[in-house]
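Structure, as structure tokens:
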Amino acid sequence: VTRETDDFRTRFDRVGAWISDYYRETRTYPVLSRNAPGDVTRALPAQAPQDPESFDAIFADFERIIVPGITHWNHPRFFAYFAISAAPITVLAEALAGALDVNAMLWRTSPAATELEEVTLGWLREMLGLPSAFSGIIYDTASISGFTALAAARESLGLDIRTRGLAGRPDLPALRVYLTEHTHSHIERAAIALGVGRDNVVKIPCDRNYAMDARALAARIDADVARGMRPMCVAATVGTTSSTASDPLGAIAAVTRQRHVWLHVDAAYAGPAAILPEFRWLLDGASAADSIVLNPHKWLFVPIDLSVLYVRDMPLLRRTFSLVADYLITPESGVRNYMDYGLQLGRRFRALKLWFAMRAYGVRGLQSVLRHHIALGQELARWIQAEPQWEIAAPHPLSVVCFRHRPPDAGDADLDAHNVAIMDAVNATGEVYLSHTKLDGRVVLRIAIGNERTTRDDVALAWELLRKHAGASAPAQSVGS
Ligand SMILES: Cc1ncc(COP(=O)(O)O)c(C=O)c1O
């Protein structure tokens with residue numbers, strides 16, 4: 001055992017040194033992996049080794065085969081999708097959680113994991129200005145948080161679906177879920193998984209800022225009820241994936257409250273910004289919601305995965321999922337057994353990394369990084385606005401900017417391909433990675449700022465590369481104009 005622990009110490013030191021170098025030198029890696037499909041597979045043997053291999057051999061292959069196949073999400077110039085960070089302190093917490101190998105399914109299977117989850121989510125709730133009526137629970141992703149919330153919404157209808165199921169039930173009305181074309185697809189996938197069916201997922205029109213039209217929502221719900229259908233849930237988004245638009249929570253909550261429809265708020269990306277007093281408004285109206293999701297793994301500097309679901313009615317969530325096998329019955333009362341509140345039994349000790357992050361930054365530290373990201377986003381938007389051949393494509397209240405290059409005389413039809421060509425050329429440099437989306441059917445480019453180590457120089461380099469490659473890939477019509 002002594003020998004093994006000595007080995008562990010040496011190896012951990014080596015991994016620690018590697019991680020420390022990685023943080024220092026991240027910018028030397030190409031952000032987007034340059035691998036071709038199959039490169040990693042071809043470099044690996046077809047079968048598992050029969051005999052033990054040395055740490056040196058494994059680590060050498062990690063560096064030789066795995067690292068080149070990594071797209072560096074933790075790179076300060078990763079600007080695609082929603083940029084994220086694994087802050088170094090939280091990597092240490094992950095190592096500790098791995099060593100403890102806790103399965104926090106029951107309170108007694110790790111009281112500290114359960115209680116730390118309650119405490120950290122209580123802190124976070126207060127930081128967000130949410131009422132204490134909400135209780136929190138950690139899942140892996142917003143997709144699972146959203147699915148779980150919709151399952152509770154279905155259970156809240158009192159249709160006894162938990163026991164009797166959906167099939168062969170002429171008494172059941174069609175269950176309806178309301179969202180917009182900008183709602184993240186996990187809500188529709190949850191509707192598929194819960195037997196609601198895609199035909200009952202209703203897309204409410206948006207205003208010109210890509211936010212849900214609450215009056216259209218009210219009219220649609222009323223029309224559905226008049227046809228004998230049963231509204232199950234309205235999914236509102238704070239910070240849509242494409243453009244970070246926010247649906248008007250106050251007006252939507254007025255609609256759902258009056259009609260007794262479950263309101264789910266997906267604030268996966270933008271929710272953390274509500275810890276800034278000047279962005280509290282993002283969650284205005286959320287206190288009337290039934291469930292709210294935000295992802296600390298998107299914008300609170302903990303590594304993937306950690307998503308938080310706040311629900312108003314925890315006993316209902318428990319009723320939705322709880323089935324306790326004899327061998328899991330424990331004598332403690334008044335404790336939370338988190339296995340009762342979702343599909344999974346086993347659970348990682350995720351709260352540890354959130355606790356490390358909250359303590360190492362403090363609320364003020366977290367606020368200052370978020371403010372820095374938002375300021376960088378606003379500065380980038382000003383640079384874009386100042387150039388006549390570039391246009392801003394959507395409002396940008398936070399740290400994501402949508403834009404496109406529009407040279408004079410370029411036809412609409414060519415602009416999509418032109419902007420994709422610019423993006424591909426910029427990404428091929430390996431210096432930065434950005435992604436695109438479609439707004440009003442048109443391709444727009446997106447820069448999402450969210451890595452805790454991103455500097456103004458990083459954003460400036462992305463902008464410089466965009467300008468350079470836009471010049472090099474002008475659409476045919478504008479050449480020579
Ligand atoms: C608004 C929004 N909701 C939900 C999700 C899904 O997140 P997750 O990967 O945690 O399931 C995303 C992903 O980017 C998102 O942007």
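Based on Cα contacts under 8 Å between residues 6+ apart, the chain shows a relative contact order of 21 percent. Here the simple spin-label model places points 7 Å from the Cα toward Cβ, and for D207 and R359 these points are separated by 4.4 nm. Screening the chain for whole DSSP H helices with an alpha carbon extent of at least 27 angstrom along the helix axis and a mean Kyte-Doolittle hydropathy of at least 0.0 yields 351-385. In this rough spin-label picture, where each label sits 7 Å from Cα along the Cβ direction, the A48-E379 distance is 5.1 nm. Principal axis analysis of the Cα atoms in segment 315-367 yields extents of 45, 21, 21 Å, listed in decreasing size. Solvent exposure of segment 272-347, expressed per residue, is 40 Å² of accessible area, with all protein chains present and a 1.4 angstrom probe. The Stokes-Einstein estimate for segment 122-218, based on a Kirkwood radius over Cα pairs and taken at 37 °C with 0.692 mPa s viscosity, is a diffusion coefficient of 211 µm²/s. Multiplying each eigenvalue of the alpha-carbon gyration tensor of segment 86-138 by 5 and taking the square root yields semi-axes of 23, 17, 6 Å, largest first, rounded to whole angstroms. Taking the accessible area of segment 111-211, probe 1.4 Å, and keeping the other protein chains in place, the carbon and sulfur fraction comes to 48%. With a Cα cut-off of under 25 Å and a minimum spacing of 8 residues unless on different chains, the lysine pairs in the chain number 4. When the accessible area of segment 236-391 is computed with all protein chains present and a 1.4 Å probe, what percentage of it is carbon and sulfur? Percent of accessible area from carbon and sulfur atoms in segment 236-391: 53. Each peptide in 121-127, 83-89, 60-66, 144-150 receives the mean, over its residues, of other Cβ atoms within 10 Å, and ordering these scores from highest gives 144-150, 83-89, 121-127, 60-66. Shape call for the chain from the C-alpha gyration tensor, a ≥ b ≥ c root eigenvalues: rounded (a/c under 1.5), prolate (a/b greater than b/c) or oblate? It is oblate, given that a/c is not under 1.5 and a/b is not larger than b/c. Quick one: if the Förster radius is 45 Å, what FRET efficiency do L343 and A386 give, using the C-beta to C-beta distance and rounding to 0.05? It comes to 0.35.
What accessible area per residue, rounded to a whole number of Å², is obtained for segment 371-481 using a probe radius of 1.4 Å? Normalised by residue count, the accessible surface of segment 371-481 is 41 Å². The listed residues V15, V311 rank as V15, V311 when sorted by accessible area, largest first, using a 1.4 Å probe. From the alpha carbon centroid of segment 386-461 to that of segment 192-217 is 27 Å. On full extension, the segment bounded by S132 and I89 gains 12.6 nm, given 0.36 nm per residue less the C-alpha separation. Largest accessible area first, the residues D458, D290, D199, D13 order themselves as D199, D13, D290, D458 under a 1.4 Å probe with ligands, DNA and RNA left out.
With each label modelled as a point 7 angstrom along the Cα→C-beta vector, the E464-I65 pair spans 3.8 nm.
The values are calculated or read from the model by the stated rules, or taken from the named source; none is laboratory data. Keep in mind the model is a prediction, meaning the values are calculated, not measured. Ideal geometry is used to build each Cβ from the backbone, glycine not excepted, and the neighbour counts take in all protein chains shown. Surface areas here come from the heavy atoms of the whole protein model, side chains and all, with no ligands, DNA or RNA. Shrake-Rupley method; radii C 1.70, N 1.55, O 1.52, S 1.80 Å.
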